[in-house]
Amino acid sequence: MKKRGLLAFFLAAGMLAYAQTEAELKAEKAVKKDSIAAIQGRVNALQSQIDALPGWKTGAFGTIGVNLSSFSNWYTQGFPNNSAGNIGFTLNAFANLKEEKFFWRNSANVNLQWVKLDDKDDPTDSDSFREATDVFNISSLYGRKLSEKFAISTLGEYRTTILNNFNDPGYLDIGVGGTWTPIDNLVVVFHPLNYNFVFSSEDTIFNSSLGAKIVADYTRQVGAVNFKSNLSLFQSYESGDLSNWTWINSFSYTLWKMIGVGFDFGLRNNKQEALNYSVNTLGNTTETFDTVDNDLQTYWTVGLSYSF
């Protein structure tokens with residue numbers, strides 16, 4: 001009985017010591033988490049002060065997605081002998097100059113993707129990659145400050161595809177108006193005098209026009225997170241059929257050194273593009289602006305990311 005009592009005593013003592021040790025370690029962990037949060041807060045505050053300094057600020061981040069596969073005699077699927085692949089990348093880059101009396105903000109967004117599905121049992125099937133996603137957008141904004149938050153500005157923005165049908169269509173916006181910068185990372189542009197040049201071989205559908213340009217851009221880096229959201233809208237004074245808007249969002253999270261995971265998605269509404277696709281691609285030659293289905297255009301990309 002004495003041995004059992006001693007054993008029970010030592011077991012109870014051990015459990016108590018373990019419980020105390022676990023509680024102490026958890027308490028120490030909580031303190032260190034609070035310390036890390038406080039350090040990160042100070043780092044973020046210092047970064048905000050650095051961002052507010054005059055001079056050039058440059059940076060870039062992007063996403064790379066790769067998926068390759070090959071099957072041989074895999075009879076349970078529709079194409080037992082095939083090779084497939086998906087390769088894509090996005091790039092967001094900026095070069096911004098901030099001075100006491102003016103600013104000059106330049107940015108670029110590129111999203112390209114190639115896909116293939118080669119049925120090896122079909123000799124007429126293509127074994128090459130073909131273009132899928134194709135987005136190219138650059139912009140340049142110059143502003144002369146009237147106050148710390150508001151400036152008279154001019155904007156040039158160009159959008160097109162580069163893998164297929166380069167500059168067909170292509171859009172060039174040039175306009176003047178005002179820019180509001182309520183916080184360091186947010187820029188809101190309103191240009192009531194803007195001309196939307198549209199370049200295309202299909203001049204019966206695509207037309208240039210005068211209108212208003214609105215751009216809202218939010219770009220920020222917080223620790224390991226990079227985030228960018230850009231909305232670009234053109235409202236034609238001539239006809240709503242000539243108006244368009246594009247909203248692009250990019251997110252990346254760094255896991256190790258400069259490598260992480262990234263996610264991009266974009267939305268677009270453009271009735272001229274919808275009508276051109278229906279008439280010249282689908283062959284609906286009787287389609288008009290009044291009858292065409294102007295469905296929302298979307299894309300998304302997820303994969304590894306790399307921050308420069």
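The values are calculated or read from the model by the stated rules, or taken from the named source; none is laboratory data. Computed from a prediction, not measured in an experiment: that's the story for all the values here. Quick reminder, even Gly has a Cβ in these numbers, built from the backbone with ideal geometry, and neighbours come from all protein chains shown.
Applying the selection to the range 181-192, what residues are surrounded by 15 or more Cβ atoms within 10 Å (Cβ to Cβ) and farther than 11 Å from Lys213 by Cβ?
Correct list: Thr181, Asn185, Val187, Val188.
List every residue pair whose Cβ atoms lie under 6 Å apart, where the two residues are 6 or more positions apart in sequence or sit on different chains, the first residue falls within the range 246-267 and is without any contact (Cβ under 8 Å) to a residue 24 or more places away in the chain, and the second residue, located anywhere, is outside any strand (DSSP E or B).
That search, which allows pairs on different chains as well, returns nothing.
I need the full set of residues from the range 200-226 which are surrounded by fewer than 17 Cβ atoms within 10 Å (Cβ to Cβ), in a strand (DSSP E or B) and of a type outside the set (Gly, Ala, Ser), in order please.
Leu210, Tyr218, Arg220, Val222, Val225
Of everything in the range 168-180 that's under 20 Å from Phe94 (Cβ atoms) and buried (at least 18 other Cβ atoms within 10 Å of the Cβ), which residue is farthest from the chain's Cα centre (by Cα)?
Thr179
Among the residues of the range 257-276 satisfying the criterion of being under 23 Å from Gly170 (Cα atoms) and surrounded by fewer than 16 Cβ atoms within 10 Å (Cβ to Cβ), which is modelled with the highest pLDDT?
Leu267
For the range 60-79, enumerate the residues that are under 30 Å from Ala108 (Cβ atoms) and either modelled with pLDDT of 80 or more or surrounded by 12 or more Cβ atoms within 10 Å (Cβ to Cβ) (or both).
Ala60, Phe61, Gly62, Thr63, Ile64, Gly65
If you take the residues of the range 86-112 that are polar (S, T, N, Q) and under 14 Å from the mean Cα position of the chain (by Cα), which of them is nearest to Glu148 (Cα to Cα)?
Across the range 86-112, the extreme among qualifying residues is Ser107.
How many residues, within the range 185-226, are closer than 24 Å to Leu91 by Cα, in contact (Cβ under 8 Å) with a residue 60 or more places away in the chain and either among the hydrophobic types (A, V, I, L, M, F, W, C) or not assigned by TED's automatic domain parsing to the domain that holds Asn270 (or both)?
Count: 3.
Quick check: anything in the range 227-237 in contact (Cβ under 8 Å) with a residue 40 or more places away in the chain and not in a strand (DSSP E or B)?
No.
Looking at the range 83-99, which of its residues are of a type in the set (Phe, Trp, Tyr) and under 25 Å from Leu68 (Cα atoms)?
Listed by number, the list holds a single entry, Phe89.
Working carefully through the options Phe197, Phe234, find the one that is crowded, with 16+ Cβ neighbours inside 10 Å, at pLDDT 95 or above and closer than 30 Å to Asp290 by Cα.
Among Phe197, Phe234, only Phe234 is crowded, with 16+ Cβ neighbours inside 10 Å, at pLDDT 95 or above and closer than 30 Å to Asp290 by Cα.
Going by the structure shown, is Val302 hydrophobic (A, V, I, L, M, F, W, C) and either touching a Leu at 6+ places or on another chain (Cβ under 7 Å) or modelled with pLDDT of 95 or more (or both)?
So Val302 does not fit the description; no.
If you go through the range 242-253 one residue at a time, do you hit one that is over 26 Å from Leu186 (Cβ atoms) and surrounded by 14 or more Cβ atoms within 10 Å (Cβ to Cβ)?
Yes.
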